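Note sheet for the following structure.
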Amino acid sequence: MTSKEVEGLLKKGRAYAIRTKYKEALAYYDKALSLAPGNPEAWYLRAAVFIETSRNAEALKDCERAIALNQNYADAWSKKGHALYNLERFEDAVFACTRALALNGNDASAWYIKGVCLDELGRNDEAQEAYGKSLELEIILDMEAEKKKVGK
Amino acid sequence: MKTEMPLSKPIRLFVKQTEDILDTEISLLRNPDADPNGTLVDIYTFNIERNVIIFPAHYIGLLKDFIIAKHCVNLLIKGAAVKKSQYLVCSFTGDSVYQGIHQIYLDALKDEAKKEKKLPVQKLIQMLNILYSDFNDDINELPWNPITNARVYHKMPKIRKTQLYYLMKEGKMDMDEMMEFEDIIPRRYFVLNKAMFYARDQYLAKTLPADQLMPVVNIPQMKKFNHLEVKEMLTTRWTHTSWYQSKVFGDTMLEIMEKYLQKIDWNAEPSLDYYHEIYQIGVNMTNHFISYMSMKGWFVWESPKHLQQAREKKAEYEFDALKKIFGDLIEKSEINGDVKP
């Protein structure tokens with residue numbers, strides 16, 4: 001199995017995940033992981049599906065596998081923050097999001113989850129700052145989406 | 001509520017409160033093709049088991065939260081109406097469609113008399129139908145918009161900047177509505193349509209204190225409004241359109257809006273009674289708008305189910321109305337023809 005073929009499996013998995021067909025997506029990710037356990041993206045993608053299906057402990061484990069394979073994997077840190085938030089481990093989630101943002105400061109989702117967790121911890125000023133950054137990035141995303149729509 | 005989406009604390013609590021007050025369940029759904037305003041599919045309107053709030057997939061943070069908050073207020077108003085009395089909407093019947101279309105036709109004739117280039121019959125027919133439907137949609141939505149916005153503003157201070165962005169965006173969309181029909185719609189209706197949105201924008205500009213809604217200056221879209229207050233932002237935009245004449249009607253509509261909405265205590269503790277009172281105020285305000293726009297008889301207050309069934313029969317109602325107006329001159333093919341403005 002070549003890396004191109006693994007990439008094909010991940011692509012199919014992603015296509016199913018976008019359409020919320022998580023069972024099918026998981027089947028492709030599982031297959032990809034059985035063939036290429038050293039692929040951090042495959043762990044990350046499976047973690048994303050685990051989160052959507054309320055399997056947060058498993059999502060956390062997968063994020064940690066992805067990060068172990070690539071310490072600078074910003075999306076995996078961000079997803080780890082999300083899993084930790086769902087597990088109500090707010091302090092740990094803030095740490096994971098901070099790490100994600102150090103690697104990619106333009107991750108609107110990580111800023112938002114950080115804000116939400118800080119809010120839960122009663123750190124209001126810090127939460128407002130994180131929400132502010134998240135909103136700025138989200139608005140830019142929204143404007144890009146509008147432009148695409150107009151283009152279509 | 002069951003969701004794996006992160007939600008900011010005030011929104012999470014508000015969704016929970018909504019569910020508790022109404023004794024119902026709310027699901028959240030992300031959809032790439034969702035309407036930018038989000039959609040509320042509720043048990044009071046549709047024959048379904050639980051309420052669903054749908055929003056665009058790229059709304060991942062506070063934009064999503066704002067949409068959820070807004071629709072929770074809508075849901076509370078509908079639910080309170082159902083539980084305390086009856087939830088009614090502006091629906092239509094064959095007779096009311098005739099009254100509306102006939103009035104638009106008479107006004108169109110007056111406009112057409114002044115035009116050198118007359119509107120082809122098919123375009124005229126299409127315009128009558130579209131305009132009637134648009135006013136039906138707007139009258140069912142617009143009066144509730146300032147209510148939900150004001151309530152969200154007072155209830156959730158943490159998402160006010162998001163609300164500001166959203167209002168600017170929504171205002172722009174509403175301002176652009178119908179522009180492609182500019183040349184064919186009777187002036188009176190174009191002005192009335194814009195006036196409704198003008199009134200909404202002005203009311204919100206007055207209601208939402210500017211000091212807390214200062215623009216987020218780092219956002220490119222907001223930069224041109226730097227140093228302006230919210231009221232100035234919304235006013236500046238309206239005064240720079242060709243529809244400035246909407247101001248005359250819009251100011252009267254604003255007075256109507258203020259007359260009714262000043263009765264609401266925006267900071268009151270939420271309860272079924274509170275939201276039911278808001279519902280009744282919204283209904284009275286809607287009636288006043290209908291009367292001001294001389295559209296009495298155009299719509300009937302009926303159940304949401306009645307409106308759904310009326311929409312299914314819309315083509316039939318329109319054909320019958322046109323037949324009454326044009327007599328045998330009208331053929332079904334003329335109505336169904338693929339006519340573009």
**Prompt:** From the cross-link list B:Lys70/B:Lys259; B:Lys259/B:Lys296; A:Lys23/A:Lys149; A:Lys133/B:Lys16, which pairs have alpha carbons spaced over 24 Å apart?
**Reply:** A:Lys23/A:Lys149; A:Lys133/B:Lys16
**Request:** Determine ³J(HN,Hα), in whole Hz, for all residues of segment A:61-68 in sequence, where each value follows from phi through the Karplus function 6.51 cos²θ - 1.76 cosθ + 1.60 and θ = phi - 60°; x replaces Gly and Pro.
**Result:** 4, 5, 4, 5, 5, 4, 5, 4
**Item:** Using a Förster distance of 25 Å, the FRET efficiency for B:Leu29-B:Asp320 (Cβ separation, nearest 0.05)
**Value:** 0.05
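Looking only at other chains, what is the average number of their beta-carbon atoms within 10 angstrom of each beta-carbon in B:181-189?
On the way: counts 0, 0, 0, 0, 0, 0, 0, 0, 0.
What the average comes to for B:181-189 is 0.
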**Request:** Measure nothing fancy, just the Cα-based angle from helix B:144-155's long axis to the longest principal axis of chain B, in degrees from 0 to 90, nearest 10.
**Result:** 10
**Prompt:** Dipole size in debye (nearest 20) for the protein assembly as shown around its Cα centre, Lys and Arg Cβ +1, Asp and Glu Cβ -1?
**Reply:** 560
**Prompt:** Using 1/(1 + (r/R0)^6) with R0 = 25 angstrom and r between the beta carbons of A:Glu126 and A:Ala102, what's the FRET efficiency to the nearest 0.05?
**Reply:** 0.95
**Item:** segment B:3-117 - accessible surface per residue (Å², probe 1.4 Å)
**Value:** 41
**Asked** Going highest first, how would you order B:122-135, B:254-267 by mean Cβ packing within 10 Å?
**Response** B:122-135, B:254-267
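List the accessible area buried at the contact between A and B, summed over both sides and calculated with a 1.4 Å probe, in Å² to the nearest 100. Numbers along the way, then the final one.
Working: alone 9100 and 16210 Å², together 22850 Å².
So the total buried area for this chain pair works out to about 2500 Å².
Place the peptides B:178-186, B:145-153, A:96-104 in order of packing, highest mean first, counting for every residue the other Cβ atoms within 10 Å and averaging per peptide. Write out the running numbers ahead of the final one.
Numbers: B:178-186: 16.2, B:145-153: 22.3, A:96-104: 19.8.
Top to bottom by mean Cβ count within 10 Å: B:145-153, A:96-104, B:178-186.
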**Prompt:** For helix B:230-239, what angle does its Cα long axis make with the longest principal axis of chain B, in degrees from 0 to 90 and rounded to 10?
**Reply:** 10
**Prompt:** Which whole-number percent gives the relative contact order of segment B:9-84, counting Cα pairs below 8 Å spaced six or more residues apart?
**Reply:** 34
**Fill in**
Listed by chain and number, the residues whose amide H is under 5 Å from that of A:Arg123, excluding neighbours fewer than 5 places away on the same chain and using placed H, are none
**Message:** Per-residue Cβ counts within 10 Å, from other chains only, averaged over A:124-135: what number is that?
**Reply:** 3
**Prompt:** aspartates and glutamates near A:Lys148 by alpha-carbon distance under 17 Å, same-chain residues fewer than 8 away left out - which ones?
**Reply:** A:Glu138, B:Asp33, B:Asp35
**Message:** Explain nothing, just the number: relative contact order of chain A, from Cα pairs under 8 Å at least 6 residues apart, as a whole percent.
**Reply:** 13
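Given contacts defined as C-alpha pairs under 8 Å and at least six residues apart, what's the relative contact order of chain B, whole-number percent? The partial results should precede the final answer.
Details: 400 pairs, mean separation 88.1, N = 341.
Over chain B, the number comes to 26 percent.
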**Fill in**
For B:Asn51, the residues 5 or more places away or on another chain with a placed amide H closer than 5 Å to its own amide H are B:Glu25, B:Ser27, B:Ile43
**Complete:** Expressed in nanometres to one decimal, the distance between label points 7 Å along Cα→Cβ at A:Ser54 and B:Leu329 is 6.3
**In Hz, Karplus ³J(HN,Hα) per residue of segment A:91-108 (6.51, -1.76, 1.60; θ = phi - 60°; x = Gly, Pro)** = 4, 5, 5, 4, 4, 4, 5, 4, 5, 4, 6, 5, 8, 8, x, 9, 8, 4
**Asked** Modelled label-to-label distance, B:Thr252 and A:Leu35, 7 Å Cα→beta-carbon offset: nm?
**Response** 7.1
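If you take the beta carbon distance between B:Gln86 and B:Lys114 as r and set R0 to 35 Å, what does 1/(1 + (r/R0)^6) give as a FRET efficiency, to the nearest 0.05? Could the numbers behind the result be given before it?
On the way: r = 45 Å, r/R0 = 1.29.
My answer for the efficiency is 0.20.
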**Complete:** Rounded to the nearest Å, the spacing of the alpha-carbon centers of segment B:1-77 and segment B:106-179 is 24
**Message:** If you fit an axis through the alpha-carbon atoms of helix B:187-207 and take the longest principal axis of the Cα set of chain B, what angle between them do you get, 0 to 90°, nearest 10?
**Reply:** 10
**Partners for B:Lys313 among lysines (Cα-Cα distance below 16 Å; same-chain residues under 8 apart left out)** = B:Lys305, B:Lys323, B:Lys332
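Grab the DSSP H runs of chain B that are 4 residues or longer, score each as -39,500 (n - 2.57), total them, divide by all residues and round the 222 nm result to the nearest 500 deg cm²/dmol. Before the final figure, lay out each step's value.
On the way: 14 runs with 207 residues, N = 341.
That comes out to -20000 deg cm²/dmol.
Taking each residue in B:4-11, count the Cβ atoms of any other chain within 10 Å of its Cβ, then average. What number comes out?
On the way: counts 12, 4, 12, 3, 8, 8, 1, 1.
Partner Cβ neighbours, averaged per residue: 6.
For segment A:1-88, which GluC sites (Glu not before Pro) pass both filters: DSSP loop (anything but H, G, I, E, B) and at most 16 other C-beta atoms within 10 Å? Intermediate results must be reported in sequence, preceding the final value.
On the way: sites: A:Glu5, A:Glu7, A:Glu24, A:Glu41, A:Glu52, A:Glu58, A:Glu64, A:Glu88; in loops: A:Glu88.
Answer in residue order: A:Glu88.
Go ahead and estimate [θ] at 222 nm for chain A from helices alone: -39,500 (n - 2.57) per DSSP H run with n ≥ 4, summed, over the residue count, rounded to 500.
Values: 8 runs with 125 residues, N = 152.
Mean residue ellipticity, 222 nm, calculated: -27000 deg cm²/dmol.
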**Asked** Relative to the present Cα-Cα distance, how much length would full extension add between B:Glu312 and B:Asp134 at 0.36 nm per residue of separation?
**Response** 62.5 nm
**Item:** Loop-located GluC sites (Glu not before Pro) in segment B:1-53 whose Cβ has at most 10 other Cβ within 10 Å (DSSP)
**Value:** B:Glu49
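The values are calculated or read from the model by the stated rules, or taken from the named source; none is laboratory data. On a predicted model such as this, the values are computed, not experimentally measured, just so you know. Virtual Cβ from ideal backbone geometry, glycine too; neighbours counted across all protein chains shown. Calculation scope for accessible area: heavy atoms of the full protein, side chains included, ligands and nucleic acids excluded. Shrake-Rupley method; radii C 1.70, N 1.55, O 1.52, S 1.80 Å.
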